[in-house]
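**Student:** Right, I'll just put the structure down here and ask away after.
The values are calculated or read from the model by the stated rules, or taken from the named source; none is laboratory data. Bear in mind that the values here come from a model prediction, so they are computed numbers and not experimental data. Quick reminder, even Gly has a Cβ in these numbers, built from the backbone with ideal geometry, and neighbours come from all protein chains shown. Keep in mind that these areas ignore ligands, DNA and RNA; they rest on the heavy atoms of the full protein, side chains included. Shrake-Rupley method; radii C 1.70, N 1.55, O 1.52, S 1.80 Å.
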Amino acid sequence: MASPDTTALPDPHVCEQARLSRDARFDGLFFTAVTSTGIYCRPVCPAPAPKPKNIVYYRHAAAAEAAGFRPCLRCRPELAPGDGTWRRGDEVVARALKLIDQGALADAPLASLAEKVGLGERQLRRLFSDRLGATPVEVHGTRRLLFAKQLLTETTLPITQVALAAGFGSLTRFNATFRDEYRMAPRDLRKRTTTATAEAMTLRLGYRPPYDFAAMLDFLRGRALPGVEAVDADSYTRVIGTADAPGWLRVSAWDGAADGHALKLQLHGAEPARLLGIVNRLRRMFDLDADPQAIATALAGDARLRPLLKKRPGLRLPSGWDGFEIAVRAVIGQQVSVAAARTLTARLAQHHGTPLPLPFDGGLTHLFPMPEALVDTDLTRIGLTRARADTIRGMSRALLEGRVDFRAERTLEDFTARWVALPGIGPWTANYMALRALGHPDAFPADDLVLQKAVPAKPASAKAGGERMTARALTARAEAWRPWRAYAVIHLWRDSMEKP
């Protein structure tokens, strides 16, 4: 559970200094509302700084909107990174926010969300109000409208499709809600902006600096599956969708972003109703909502980690596009090298994935197979051992039967316990899946041999990478790293890769 000092609104003096200096490290951690204009902004807003007497600070954009403030058209609050403190880990608010991001309130009542996180509806509403200053329904509403605002500003999608993408079933309802909240019609916002028509839709994905995008690409490049995804020095590309409606996406650095730090998302062939889910999935995959300051503060007390944090302050968790795909990778990767696992997994994707009617540029030819395609398939023919093949078939069946899943309301303990109950799945595999499929910040594969060698058994005298620790000793050492143990894992893995 996150500590109170990381989830409360920053000290007013800190907020004031961050606002006046336009400190991007605080982007998304609070919002500045101006009582004289009725507008709320990000801390990085380039507009002239308002007088302090006209400022009110809010923890969440939904809290500012619930108080009657409208989003700034200049700094565009919809581009602010999410507050990773609330969206990560097992705290109830974190799990509820992840479910809201996945559309839990789009077609279901608040009572259903409350049941999934084990609280009563009134209790959940009060918890959100106390912690975020807004109710779950208000958070959901703000999330929809801000995404619609981004689409209106950055794309040429027809307003009807914008409404659908933001989760509104009715254009009339969308127009009315947008006008009530923002005091302008959607078409009026579009008149203020210009976007060139292009084959691929382009969106900005904001993050809180520092961000080591090169290291992220390095990690993904070594594991990229030919035909399914491609990673070069500047970008990540993969095929998405279905065989009947395939598409592709590309994520790269946004050079010269005028309004701060962002990645560029290019999308082709994505259905409007899937846009928000794609964006949320990529934010998790590229760990765009992390708070580097909070993570570094928690980990810097360890002498082994301190120089690594200083060397790579922007290192993030490299998650994956799809949970089942990561699960298959994890099983194939048990006790083999990354290169060998990549070769076998690519072979599996080529033989059992869904071929595209027409390949996309960059050699994208296949969709990764779904569980249905592997549940009764003889995978020994592609070079897997009998044990690995049986494990993949078994977990495919377990997923289809609902015995395991990648649902956002699962705690780390619940998630790993369900997976370890399957034959062939041990603690290392389950925690690796939690790290790369869920992007869970506290996932910790203590049985990993690289980790056991990377942390000295005697910190005061032993050299890093020398004496090997036991899984039990490593777990005990890592207690001080909670709730960010997964970030320690990534730093130690990266350091081991860089050693001669």
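Listed here are the residues, each with its yes/no results for (1) modelled with pLDDT under 95; (2) within 24 Å of Gly82 (Cα to Cα); (3) touching a strand residue (DSSP E or B) at 6+ places or on another chain (Cβ under 6 Å).
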{"position": "Arg122", "(1), (2), (3)": "no, no, no"}
{"position": "Arg125", "(1), (2), (3)": "no, yes, no"}
{"position": "Val137", "(1), (2), (3)": "no, yes, no"}
{"position": "His140", "(1), (2), (3)": "no, yes, no"}
{"position": "Leu145", "(1), (2), (3)": "no, yes, no"}
{"position": "Lys149", "(1), (2), (3)": "no, yes, no"}
{"position": "Glu154", "(1), (2), (3)": "yes, yes, yes"}
{"position": "Ser170", "(1), (2), (3)": "yes, no, no"}
{"position": "Asp188", "(1), (2), (3)": "yes, no, no"}
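**Student:** Identify, from the list Thr377, Thr429, the residue that is among the hydroxyl-bearing types (Ser, Thr, Tyr), closer than 28 Å to Arg347 by Cα and not in a loop (DSSP other than H, G, I, E, B).
**Tutor:** Being among the hydroxyl-bearing types (Ser, Thr, Tyr), closer than 28 Å to Arg347 by Cα and not in a loop (DSSP other than H, G, I, E, B) holds for just one of Thr377, Thr429, which is Thr429.
**Student:** Count, please, the residues in the range 22-55 that happen to be open to solvent by 20 Å² or more (accessible area, probe 1.4 Å) and part of a loop (DSSP other than H, G, I, E, B).
**Tutor:** 12
**Student:** Looking at the range 113-131, is at least one residue free of Cβ contacts under 8 Å to residues at least 60 places away in the same chain, in a loop (DSSP other than H, G, I, E, B), small (Gly, Ala, Ser) and open to solvent by 10 Å² or more (accessible area, probe 1.4 Å)?
**Tutor:** Yes, there is a match, as at least one residue in the range 113-131 is free of Cβ contacts under 8 Å to residues at least 60 places away in the same chain, in a loop (DSSP other than H, G, I, E, B), small (Gly, Ala, Ser) and open to solvent by 10 Å² or more (accessible area, probe 1.4 Å).
**Student:** Are any residues in the range 368-381 under 17 Å from Gly424 (Cβ atoms) and either β-branched (Val, Ile, Thr) or open to solvent by less than 40 Å² (accessible area, probe 1.4 Å) (or both), and if so, which ones?
**Tutor:** Within the range 368-381, Pro371, Leu374, Val375, Thr377, Leu379, Thr380 qualify.
**Student:** Would you confirm, using the coordinates I've provided, whether Lys51 is more than 30 Å from Ile278 (Cα to Cα), charged (D, E, K, R) and modelled with pLDDT under 95?
**Tutor:** yes
**Student:** I need a count of the residues in the range 214-223 that are open to solvent by less than 30 Å² (accessible area, probe 1.4 Å) and more than 14 Å from the chain's Cα centre (by Cα).
**Tutor:** Number satisfying all stated conditions: 4.
**Student:** Go through the range 77-93 and give me each residue that's within 13 Å of Asp291 (Cβ to Cβ) and either open to solvent by 20 Å² or more (accessible area, probe 1.4 Å) or at pLDDT 90 or above (or both).
**Tutor:** Ala80, Pro81, Arg87, Arg88
Residue by residue, here is whether (1) under 29 Å from Ala294 (Cβ atoms); (2) touching a strand residue (DSSP E or B) at 6+ places or on another chain (Cβ under 7 Å); (3) modelled with pLDDT under 95; (4) not in a helix (DSSP H, G or I) holds:
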{"site": "Ser396", "(1), (2), (3), (4)": "no, no, no, no"}
{"site": "Arg410", "(1), (2), (3), (4)": "yes, no, yes, yes"}
{"site": "Trp419", "(1), (2), (3), (4)": "yes, no, no, no"}
{"site": "Pro423", "(1), (2), (3), (4)": "no, no, no, yes"}
{"site": "Gly439", "(1), (2), (3), (4)": "yes, no, yes, yes"}
{"site": "Ala460", "(1), (2), (3), (4)": "yes, no, yes, yes"}
{"site": "Lys463", "(1), (2), (3), (4)": "no, no, yes, yes"}
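A quick yes/no check of all residues on (1) touching a residue at least 60 places away in the same chain (Cβ under 8 Å); (2) over 26 Å from the mean Cα position of the chain (by Cα):
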position	(1), (2)
Gly333	yes, no
Ala340	no, yes
Leu356	yes, yes
Leu364	yes, no
Asp378	no, yes
Arg388	no, yes
Thr391	yes, yes
Ala430	no, no
Gly439	yes, no
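**Student:** For residues that are surrounded by 17 or more Cβ atoms within 10 Å (Cβ to Cβ), hydrophobic (A, V, I, L, M, F, W, C) and modelled with pLDDT of 95 or more, scanning just the range 297-321, find the one that is nearest to Leu145 (Cα to Cα).
**Tutor:** Looking at residues that are surrounded by 17 or more Cβ atoms within 10 Å (Cβ to Cβ), hydrophobic (A, V, I, L, M, F, W, C) and modelled with pLDDT of 95 or more, I get Trp321.
**Student:** Based on this model, can you work out whether Ala341 counts as in contact with a strand residue (DSSP E or B) (Cβ under 9 Å, 6 or more places away or on another chain), open to solvent by less than 40 Å² (accessible area, probe 1.4 Å), under 20 Å from Ala230 (Cβ atoms) and in a helix (DSSP H, G or I)?
**Tutor:** So Ala341 fails the test.
**Student:** Of the residues in the range 476-491, how many are open to solvent by 50 Å² or more (accessible area, probe 1.4 Å) and assigned to a helix (DSSP H, G or I)?
**Tutor:** Residues meeting the conditions: 3.
**Student:** Could you list, in sequence order, all residues of the range 66-76 that are out of contact with any Cys (no Cβ under 8 Å at 6 or more places or on another chain) and either open to solvent by 40 Å² or more (accessible area, probe 1.4 Å) or without any contact (Cβ under 8 Å) to a residue 40 or more places away in the chain (or both)?
**Tutor:** Residues satisfying the conditions are Ala66, Ala67, Gly68, Phe69, Arg70, Leu73.
**Student:** What are the residues in the range 148-184 that are assigned to a loop (DSSP other than H, G, I, E, B), under 18 Å from Pro77 (Cα atoms) and without any contact (Cβ under 8 Å) to a residue 12 or more places away in the chain, if any?
**Tutor:** Met184
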